[in-house]
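The values are calculated or read from the model by the stated rules, or taken from the named source; none is laboratory data. Owing to the predicted nature of the structure, the values given are computational and were not obtained by experimental measurement. We place every Cβ from the backbone using ideal geometry, glycine too, and count neighbours over all the protein chains shown. Remember, those area values only see protein heavy atoms, side chains included, never the ligands or the DNA or RNA. Shrake-Rupley method; radii C 1.70, N 1.55, O 1.52, S 1.80 Å.
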Amino acid sequence: RKEVEQDPGPFNVPEGATVAFNCTYSNSASQSFFWYRQDCRKEPKLLMSVYSSGNEDGRFTAQLNRASQYISLLIRDSKLSDSATYLCVVNANYGGSQGNLIFGKGTKLSVKP
Amino acid sequence: EPEVTQTPSHQVTQMGQEVILRCVPISNHLYFYWYRQILGQKVEFLVSFYNNEISEKSEIFDDQFSVERPDGSNFTLKIRSTKLEDSAMYFCASRPTEMNTEAFFGQGTRLTVV
């Protein structure tokens, strides 16, 4: 079973659309969850951490469902500059681990004018 | 804003040669990592380093790989005898004291083995 699974996309949406990405993870002991953004051939950059209560940062909303081991990211009013690959990332948190990150393969978003 | 810096940005090497990839983590961070990303694939964990020793490594990190923090600021990844399949983007990352905080990534070194 893959540790972090995401729909690979691509998601092709018009400007202004709302788009949702989903992610599931296999390790129920994981404690930290993140969405990173990766532009083509660049490093991953943190978009937002994901908290149990859900959290919002401007047009971005992240949700976590620990019971279902499911994480989501909602982007409202999408902009051309949102075009990137969105990576679902989970802390390994296995016994003794110093918290290395486990990445999903990413969901590619393309926002069109 | 503090950042993780990596050099070189691109390295081309012949199969069988040794390469050293260099990283300068953020100065007050204590946890250091190397990840790699083969083109078109996901980012994969290689090794974590804390308190001047390897704390965890993946099955990718075999005897051909080694890490070092030679002088308190640099953090290096050495590949002893490169193979074609080592061609990838290598990212260094660092974290401050706690386990469950954001990891900051360097811009990566693109390694091409020919």
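The table for this structure:
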read-out	value
Debye, to nearest 20: dipole size of chain B, +1 on Lys, Arg Cβ, -1 on Asp, Glu Cβ	260
Isolated Cys residues of chain A, judged by Cβ distance under 4.7 Å to other cysteines	A:C40
Whole-percent carbon and sulfur share, accessible surface of chain A, 1.4 Å	48
Cα pair distances of the protein assembly as shown binned at 5 Å [whole percent]	1, 7, 14, 18, 18, 16, 12, 7, 4, 1, 0
Over 26 Å (Cα to Cα) - which of A:K108/B:K57; A:K45/A:K108; A:K45/B:K42; A:K79/A:K108 fall in this group	A:K108/B:K57
Estimated distance in nm for a label pair at A:S110 and B:M15, the labels positioned 7 Å out from Cα along Cα-to-Cβ	3.4
Projected area, mean over directions - segment B:9-48, Cα convex hull, nm²	4.0
Segments A:69-78, B:67-76, B:26-35 sorted - mean Cβ within 10 Å per residue, highest first	B:26-35, A:69-78, B:67-76
Summed buried accessible area for B+A [probe radius 1.4 Å, Å², rounded to 100]	2000
Estimated distance in nm for a label pair at A:D7 and A:S28, the labels positioned 7 Å out from Cα along Cα-to-Cβ	2.7
Given charges at Cβ of Lys, Arg, Asp, Glu: the protein assembly as shown dipole, positive-most of A:S81, A:N27, B:N51	A:S81
Å² of accessible area per residue within the protein assembly as shown, as computed with a 1.4 Å probe and no ligands counted	49
Alpha-carbon Rg with Dmax, taken over chain A, Å	13.7, 48
Rg and Dmax of chain B, Cα atoms only, in Å	13.2, 40
Under-5 Å amide H pairs with B:T5, H placed in peptide plane, nonlocal only	B:V24
Shielding by partners, peptide A:99-109 (average Cβ within 10 angstrom, other chains)	5
Rounded percent of accessible protein surface that carbon and sulfur make up, segment B:1-99, 1.4 Å probe	44
